[in-house]
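Colleague: Here it is: the structure, laid out below.
The values are calculated or read from the model by the stated rules, or taken from the named source; none is laboratory data. The structure presented is a predicted model; accordingly, all values stated were derived computationally and were not measured. With ideal geometry, Cβ positions are generated from the backbone for all residues, glycine too; neighbour counts draw on all protein chains shown. Just the protein is used for accessible areas: all its heavy atoms, side chains included, with ligands, DNA and RNA removed. Shrake-Rupley method; radii C 1.70, N 1.55, O 1.52, S 1.80 Å.
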Amino acid sequence: MMKAVQAQAKGQPFVQRELPEPHPGAGEVRIRVLACGVCHSDMFVREGLFPGISYPRIPGHEVVGVIDETGEGVREFRPGETVGVGWHGGHCFTCPACRAGDFILCSRGRITGISMDGGYAQFMVAPDHALARVPEGMDPAQAAPLLCAGVTTFNSLRHAGARPGDLVGVLGVGGLGHLAIQFAHKMGYRTVALSSGPDKADLARSLGAHEVIDMKAQNPAETLMKMGGARVILATAPNSAVISQLVEGLGRNGKMLLLGADIEPMKISPLQLIGARKTLAGWPSGDALDSEETLAFAKQAGIRPMVECYPLEKAEEAYHVMIENRARFRVVLTMV
Ligand SMILES: [Zn+2]
Ligand SMILES: [Zn+2]
């Protein structure tokens, strides 16, 4: 038997249970979980907001652990290896996106902790092609948030078209933003943190921001234009009204990358985009190799998420700390 935390039904508190230990099928591994991040998207499980979700379900898609059993046909991974599993929980290899190698957009893709059981447990099973290798010596609790918040910011930024020295804005100094600032700095961009209020300015600078714009005290778009205009703005905070204004702070060929999920419509006129050839783009997180490269880059560059750890038994409390925005900045469950 193993300890696991489940969502039993839509809108209900998480419950800790003793469940039979899972075993891997063909092409799968079993992971002895060491740490699992508590992400804002766990709200989809808790509140039943994800289409087609079935209960009971073990949440958690920022999973780090050690392989302790491999199923038939697993060639690339062995028991004893430390691995991570992120949002992307596997793909079909045969749909049009998969045939193009674009696994994150698989039309039959599995989502860890949503369409299959996740990491709020002592053990979980995952397909081998959803595994990211965790660099030796990396603290599991530090690695966990890199599998969702980390890969989303690193992977979107490295594909955004900015070159070293270009001006990159990071909207929001929170769970995603505090990682985006570190990545942007270490990737060689002139990094500007955009924060509402002065209280996070020192922190943003200590994370590597070259400039900080207090959006309550300064007009952020005008200030960015005085700096030459942003080549990329990573919108990590879901705030459609602010994003609509910030389009004016993009320079030539500037790109607004939308990472924070918001259902509020943005108000942007075609005229704002046409002249300077600006674009607005969304970006999903990344596949297993993207996660592995995120972890490797973070280790090499000394990028560290700021985490608050809770034991598995306190998953319910940890969820509240996260969802009520009381954590600085990522909440992680630890199993040991
Ligand atoms: Zn997440
Ligand atoms: Zn597919």
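Colleague: State the number of residues belonging to region 80-128 that are among the acidic types (Asp, Glu), in contact (Cβ under 8 Å) with a residue 60 or more places away in the chain and within 12 Å of ligand 2 (Cβ to nearest atom). I'd like the intermediate steps shown before the answer.
Modeller: So in region 80-128, the residues among the acidic types (Asp, Glu) come out as 81, 102, 117, 128.
In the following step, the residues that additionally are in contact (Cβ under 8 Å) with a residue 60 or more places away in the chain were identified as 117, 128.
Among the residues that remain, those that are also within 12 Å of ligand 2 (Cβ to nearest atom) are: none.
Final tally of qualifying residues: 0.
Colleague: Follow-up. Can you tell which of Pro24, Pro51 is surrounded by fewer than 19 Cβ atoms within 10 Å (Cβ to Cβ) and more than 16 Å from ligand 2 (Cβ to nearest atom)?
Modeller: On the way: Pro24 fails: surrounded by fewer than 19 Cβ atoms within 10 Å (Cβ to Cβ).
That would be Pro51, the only listed residue that is surrounded by fewer than 19 Cβ atoms within 10 Å (Cβ to Cβ) and more than 16 Å from ligand 2 (Cβ to nearest atom).
Colleague: Is there any pair linking a residue in region 166-195 that is outside the structural domain of Glu308 (by TED's automatic domain parsing) and open to solvent by less than 20 Å² (accessible area, probe 1.4 Å) to one that is of a type in the set (Asp, Glu) and part of a strand (DSSP E or B), with Cβ under 6 Å and at least six apart or on different chains, and which?
Modeller: So the pair list comes out as Val192/Glu211.
Colleague: While we're on this one: Just checking, which of Leu194, Leu179 is touching a Pro at 6+ places or on another chain (Cβ under 7 Å) and outside any helix (DSSP H, G or I)?
Modeller: Working: Leu179 fails: outside any helix (DSSP H, G or I).
Testing whether each residue is touching a Pro at 6+ places or on another chain (Cβ under 7 Å) and outside any helix (DSSP H, G or I) leaves just Leu194.
Colleague: One residue is enough: does region 146-163 have a residue meeting the conditions farther than 24 Å from Arg205 by Cα, part of a helix (DSSP H, G or I), among the aliphatic types (A, V, I, L, M) and out of contact with any Asp or Glu (no Cβ under 6 Å at 6 or more places or on another chain)?
Modeller: no
Colleague: Looking only at region 149-195, how many residues end up being within 16 Å of ligand 1 (Cβ to nearest atom), out of contact with any Leu (no Cβ under 9 Å at 6 or more places or on another chain) and more than 21 Å from Ala221 (Cβ to Cβ)?
Modeller: Selection size over region 149-195: 2.
Listed here are the residues, each with its yes/no results for (1) in contact (Cβ under 8 Å) with a residue 12 or more places away in the chain; (2) under 22 Å from Gln182 (Cβ atoms); (3) assigned by TED's automatic domain parsing to the domain that holds Gly208.
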| residue | (1), (2), (3) |
| --- | --- |
| Leu273 | yes, no, yes |
| Thr294 | yes, yes, no |
| Arg304 | yes, yes, no |
| Tyr310 | yes, no, no |
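Colleague: Related question: Does region 105-116 contain any residue that is outside the structural domain of Leu224 (by TED's automatic domain parsing), more than 16 Å from ligand 1 (Cβ to nearest atom) and among the hydroxyl-bearing types (Ser, Thr, Tyr)?
Modeller: yes
Colleague: Could we say that Leu207 is outside the structural domain of Ser41 (by TED's automatic domain parsing), closer than 23 Å to His159 by Cα and open to solvent by 10 Å² or more (accessible area, probe 1.4 Å) here?
Modeller: Values: outside the structural domain of Ser41 (by TED's automatic domain parsing): yes; closer than 23 Å to His159 by Cα: yes; open to solvent by 10 Å² or more (accessible area, probe 1.4 Å): yes.
Yes.
Every residue, every condition in (1) surrounded by fewer than 17 Cβ atoms within 10 Å (Cβ to Cβ); (2) among the aliphatic types (A, V, I, L, M), yes or no:
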{"position": "Cys36", "(1), (2)": "no, no"}
{"position": "Arg46", "(1), (2)": "no, no"}
{"position": "Gly60", "(1), (2)": "no, no"}
{"position": "Val85", "(1), (2)": "no, yes"}
{"position": "Arg99", "(1), (2)": "yes, no"}
{"position": "Gly109", "(1), (2)": "no, no"}
{"position": "Ser115", "(1), (2)": "no, no"}
{"position": "Leu131", "(1), (2)": "no, yes"}
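Colleague: Given the conditions (1) basic (Lys, Arg); (2) buried (at least 18 other Cβ atoms within 10 Å of the Cβ); (3) outside any helix (DSSP H, G or I), report the number of the one that Lys299 does not fulfil.
Modeller: (3) is the only condition that Lys299 fails.
Colleague: Keeping to region 175-192, report how many residues are basic (Lys, Arg) and closer than 19 Å to Glu293 by Cα.
Modeller: Total meeting the criteria: 1.
Colleague: Mind checking whether some residue in region 119-134 is within 18 Å of the chain's Cα centre (by Cα), within 14 Å of ligand 1 (Cβ to nearest atom), assigned to a loop (DSSP other than H, G, I, E, B) and hydrophobic (A, V, I, L, M, F, W, C)?
Modeller: no
Colleague: If you don't mind, there's one more thing I want to ask. Can you list residue pairs whose Cβ atoms sit under 6 Å apart, with the first residue in region 58-79 being at pLDDT 95 or above and the second being aromatic (Phe, Trp, Tyr) and away from ligand 2 (no atom under 16 Å from the Cβ)? Count only pairs 6 or more apart in sequence or on different chains.
Modeller: Every condition considered, the pairs that remain are Ile58/Tyr120; Pro59/Tyr120; Gly60/Tyr120; Ile67/Phe77.
Colleague: Among the listed residues Gln16, Gln6, identify the single one that is among the polar types (S, T, N, Q), in a strand (DSSP E or B) and open to solvent by less than 40 Å² (accessible area, probe 1.4 Å).
Modeller: Values: Gln16 fails: open to solvent by less than 40 Å² (accessible area, probe 1.4 Å).
Answer to the check: Gln6.
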